[in-house]
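One structure is given below, encoded as structure tokens.
The values are calculated or read from the model by the stated rules, or taken from the named source; none is laboratory data. Note that the structure is a prediction, hence the values are computed from the model and not measured. Please note: Cβ atoms are built from the backbone with ideal geometry, for glycine as well, and neighbour counts cover all protein chains shown. Calculation scope for accessible area: heavy atoms of the full protein, side chains included, ligands and nucleic acids excluded. Shrake-Rupley method; radii C 1.70, N 1.55, O 1.52, S 1.80 Å.
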Amino acid sequence: MEVKSIRIPNMKYEDFNDNEYLEEYVTELRKNGVNIFVGKLSDVINWGRSNSVWPLTFATSCCGIEFMCVGAARTDFARFGWEVTRNSPRQADVIFVCGTIVHKMAPVLKRLYEQMAEPRYVMAIGNCAICGGPFKNSYHVVKGVDEIIPVDVFVPGCPPRPDAFLYGMMQMARKIKVQNFFKLPQQPQLPHSSTPNTAADGNS
Amino acid sequence: METVKKELQSLGFTDVKQADNRLTVTVPQDKLYGVARYLRRERPEQPFDFLIDLVGMDFGDALGAIYHLSPSQNPSLVVTLEARADSREQPELFSVCDLWDVAQVYEREAYDFFGIRFINHPDMRRIFLRSDWNGFPLRKDYNADPALNPVPLENEHIPDMERMPSITLKMGERVEEVRQAFDKDEYVVNFGPQHPAMHGVLHLRVSLDGEVVKKVDPVFGYIHRGIEKMCESYTYPQILHLTDRLDYLSGTMNRHAVCLCCENALALEVPERAHYLRTIFDELTRIASHLLGWGCMCMDMGSITAFVYGMRDREKIMDIFEETAGGRLMASYSVIGGVPCDVHPNFQKRIKEFIPYMRKMLKEHHLLFTNNPIARGRMKDVGYLSQEKAISLGATGPSSRASGWHNDLRKIAPYAAYGKVNFDEVLRTEGLTFDRYVIRLDEIEQSLRIIEQLVDNIPEGAHAAKTKAIIRLPEGEFFQRVENARGQFGVHISSKGDKTPYRVKFRSPSLVLVGALKAIATEAKVADLIMLGASLDYVIPCIDR
Ligand code: SF4
């Protein structure tokens, strides 16, 4: 079954890898039927949202360099409306977690995520962000950012090629497209932290 | 060399070991400071004013440190001091941070990893790990149970970050004190760890008076990945992959350093062809790194176009890498014994196309940005780094050559094919931001010259020497440096004859550059801080390792 409403102009439906996952997701979303007016309105809004995603400028290590390449001339992500990288999490829609997240950085990343306005999305870029990657055996590395924040799209590679970034972004756009804007999925509960504003928060 | 040896012997150290250009002596805990002071201050000529590296060590029965020293006028000569602390429960050594500024960070690092406390060091905080971390991870008896150190959910508390414990000896009496990094009435601004212009996750705590920077207190460790500890459980070929990811912009050179270190230890004959190919790859990496550094520095001054131009030129190099080695950013093009595969048939053609292209673009970069009066105005007269300061801080690479210190290892101690080519070591004298900016573009030109001379003369033959399936280094301490895009990258391998090393320490050229930032940012305007940082071009994962 092809889900008609999640066509991405730049890429054929068959060329995506995990269509089944998305189809299941769509079936689940539409289980109870959608009001036609609200449904259409949501589609229009999502069309706009998925074509102007604003990422947060965030990179901790090597994958960040490939992120810069994606932003530069050759594989320009401005073609897909992703070029407005924001320096403040409060204005960003998606955070690309490019690079290793270590123990000391984990609370900072979590804080950044919490500061983003909903609906917010997370892309885990590179093996480090997915599972710790080459540093899995280290004493100071978080074994995957999904331990601290929920992740929408995983892009494997060490570092992923710019093309892989773009593919991940297209997947992200598809995911945004199928959601019902008026009934966005519940944000999962994050692990609790008590005292706010105690430290390192350069950018709020 | 001989004179140094004699001097050391006259100081009472009869057992001076010699290997290549390196002398090693073991000094007892109480004599350490005396020898260090002699070498640094009291020698009649060529003082050892460059502390290359300080390696914390767990010798098994004792904890201690290894100091690699060198005279700045003759950086190929190295004296290594090995000191052990008497007690393992309360390991203490005398600090040498009044002799070399750079010892401040190195000693903090040794404390962080091994728990060795340095007497008379003003600031014995942890450097990479949080102050609430349990244990000293690089000790051999470290308990790595993740339950002891779970992933924290809260940021470190600022007051904990500011407490600076110290031990001093005042008239023979031991005084333990805790001081604060900042006074109560200082106006402190946090800059980073997540800041778009920080080039990574460094956290600077800046004390301001109006818009003048009074003090900079860097907080490291937001990308401390524990590479040195991991190396201890990996075989030598596995380690190579981690070195690529240290300073990913000079990955090829870092890898080269480890390969050279192992090859020297094994006395392995590497084919000429591999030397040539490695040199070409090193220089291409250097160009790519300088282009990115240049682009980022211009971007920090507001010129995004320059960044896009730099990245565009860099893509050409990435293509060459990809064709031959398969990787873009991580070319991984060196293995112990040579290079892993021969070059792609297009390799030479592509390089010959690239050289004139890059020359043309360099002219354009100079025309568009270097000669831009606004850019010149911003870079003129700020960020002065004197040569003495650069040496004392251990800052190497282009940043210190802009202050006139001749320290390019490619010239001083040529390795690979550098001895066979003609090129100039670019030196400038003023030590200002503009010099550090321009020197990178000039180095690109020199790198092109090197590649040009090599590309047509790559000797035929095997591309790698045969190695055993399992590589075991002989017992001993091995130290090797190469010149990477940021300065001298060193690797110290201590082997007990196993297939995994006993201890690996990397000398990060970036770590010391943050010390240089501290020096040049003081009394500068806060608006220039970002540009000063960019002019030093440090890579943060290399700092934190
Ligand atoms: S996945 Fe690989 S390239 Fe990316 S940050 Fe981790 S080590 Fe670096």
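Across all directions, the shadow cast by the convex hull of the protein assembly as shown built on its C-alpha atoms averages 33.9 square nanometres. Our coupling estimate for region A:51-60, obtained by passing each phi through the Karplus curve with A = 6.51, B = -1.76, C = 1.60 and θ = phi - 60°, is 9, 9, 8, 9, x, 8, 6, 8, 7, 9 Hz, Gly and Pro reported as x.
Evaluated at 25 °C with a viscosity of 0.890 mPa s, what Stokes-Einstein diffusion coefficient in µm²/s does region B:2-154 have when Rh comes from the Kirkwood expression over alpha-carbon pairs?
Details: Rh = 16.4 Å.
After rounding, the answer is 149 µm²/s.
If only the Cβ of Lys and Arg carry +1 and only the Cβ of Asp and Glu carry -1, the dipole of the protein assembly as shown around its Cα centre is close to 940 debye. Could you give the distance between the Cα centres of region A:127-154 and region B:40-95, to the whole Å? Centre-to-centre (Cα) distance: 37 Å.
Three semi-axes describe the equivalent ellipsoid of region B:412-485; taken as square roots of 5 times the Cα gyration tensor eigenvalues and ordered largest first, they are 32, 20, 10 Å. Note that region A:120-126 has calculated 3J(HN,Hα) couplings of 10, 10, 10, 10, 8, 9, x Hz, one per residue in order, obtained from phi through the Karplus relation 6.51 cos²θ - 1.76 cosθ + 1.60 (θ = phi - 60°); glycine and proline are x.
Summing -39500 (n - 2.57) over the DSSP H runs of n ≥ 4 in chain A and dividing by its residue number, what mean residue ellipticity at 222 nm do you reach, to the nearest 500 deg cm²/dmol? Numbers along the way, then the final one.
On the way: 6 runs with 68 residues, N = 204.
Roughly -10000 deg cm²/dmol at 222 nm, from the helical runs in chain A.
Two numbers describe the Cα atoms of chain A: Rg and Dmax, which are 17.2, 53 Å. When the alpha carbon gyration tensor of region B:227-544 is reduced to an equivalent ellipsoid, its three semi-axes come out at 32, 24, 16 angstrom, largest first.
Tell me, what are the semi-axes, in whole angstrom and largest first, of the equivalent ellipsoid of region B:464-545 as set by the roots of 5 times the Cα gyration tensor eigenvalues? Don't skip to the end; give the middle numbers.
Numbers: eigenvalues 279, 31, 16 Å².
The equivalent ellipsoid of region B:464-545 has semi-axes of 37, 12, 9 Å.
To the nearest hundred square angstrom, how large is the accessible surface buried between B and A, total for both chains, probe 1.4 angstrom? Walk me through the numbers before you get to the answer.
Values: alone 21680 and 11450 Å², together 28560 Å².
Counting both chains, the buried surface is close to 4600 Å².
Over 23 Å between Cα atoms: which of A:LYS12/A:LYS143; B:LYS6/B:LYS420; B:LYS17/B:LYS466; A:LYS143/B:LYS499; B:LYS380/B:LYS525; B:LYS316/B:LYS466 fall into that group? Working shown, then result.
Details: A:LYS12/A:LYS143 34 Å; B:LYS6/B:LYS420 34 Å; B:LYS17/B:LYS466 30 Å; A:LYS143/B:LYS499 27 Å; B:LYS380/B:LYS525 13 Å; B:LYS316/B:LYS466 32 Å.
Check vs 23 Å cut-off fails for A:LYS12/A:LYS143; B:LYS6/B:LYS420; B:LYS17/B:LYS466; A:LYS143/B:LYS499; B:LYS316/B:LYS466.
Net charge within 11 Å of A:VAL142 by Cβ-Cβ distance, Lys/Arg positive one each and Asp/Glu negative one each, not counting A:VAL142 itself? Residues close to A:VAL142 contribute a combined charge of +3. According to the square roots a ≥ b ≥ c of the eigenvalues of the Cα gyration tensor, what is the shape class of region A:54-171, taking rounded for a/c under 1.5, prolate for a/b larger than b/c otherwise, and oblate for the remainder? Oblate, because a/c is 1.5 or more while a/b does not exceed b/c. Near the amide H of B:ILE127, within less than 5 Å, lie the amide hydrogens of B:ASP112, all on another chain or at least 5 residues away, with H placed in the peptide plane.
For chain B, the Kirkwood estimate of the hydrodynamic radius, built from every pair of different alpha carbons, is 24.1 Å. Using C-alpha pairs under 8 Å with a sequence gap of at least 6, the mean separation divided by the residue count of chain A gives a relative contact order of 23 percent. Taken about its Cα centre, region B:1-105 carries a charge dipole of roughly 300 debye when the Cβ of each Lys and Arg holds +1 and the Cβ of each Asp and Glu holds -1. In order along region B:511-527, the phi-based Karplus estimate (6.51 cos²θ - 1.76 cosθ + 1.60, θ = phi - 60°) of 3J(HN,Hα) comes to 4, 6, 5, 5, x, 5, 4, 4, 5, 7, 7, 5, 6, 8, 7, 5, 5 Hz; Gly and Pro are listed as x. In region A:142-169, comparing the full protein assembly with the chain on its own, the residues that lose 30 Å² or more of accessible surface at a 1.4 Å probe are A:CYS158, A:PRO159, A:ARG161. Which one of A:GLN91, A:ASN180, A:PRO150 is farthest out on the positive end of the charge dipole of chain A, using unit charges on Cβ (Lys, Arg +1; Asp, Glu -1) and the Cα centre as origin? With unit charges placed on the Cβ atoms, the residue in question is A:GLN91. Relative contact order, whole percent, for chain B stands at 15, derived from Cα pairs under 8 Å and 6 or more residues apart.
Using a Gaussian network for chain A with springs between C-alpha atoms less than 10 Å apart, which of these wobbles most: A:MET172, A:MET11, A:MET123? Result for chain A, Cα springs under 10 Å: A:MET11 fluctuates most.
If you place +1 on the Cβ of every Lys and Arg and -1 on the Cβ of every Asp and Glu, how big does the dipole about the Cα centre of region B:276-379 come out, in debye to the nearest 20? Present the calculation step by step, with values, prior to reporting the outcome.
On the way: 14 positive and 11 negative charges, 76 e Å.
It comes to approximately 360 debye.
The alpha-carbon of B:LYS170 sits under 19 angstrom from the alpha-carbons of these lysines, leaving out residues fewer than 8 places away in its chain: B:LYS31.
How many Cβ atoms of partner chains, on average, are near each residue of B:197-205 if near means within 10 Å of its Cβ? Don't skip to the answer; put the middle values down first.
Working: counts 2, 2, 2, 5, 15, 0, 6, 1, 1.
Average neighbour count from other chains, rounded to a whole number: 4.
Amide H to amide H, with H built 1.01 Å from N, B:LEU63 comes under 5 Å of B:ALA85, counting only residues 5 or more places away or on other chains. Here's how it looks for B:ARG503: its modeled amide H is under 5 Å from those of B:SER494, which are all 5 or more places away or on a different chain. Residues considered: A:GLN115, A:GLN186, A:GLN171. Largest GNM mean-square fluctuation over chain A, using C-alpha springs under 10 Å, is found at A:GLN186.
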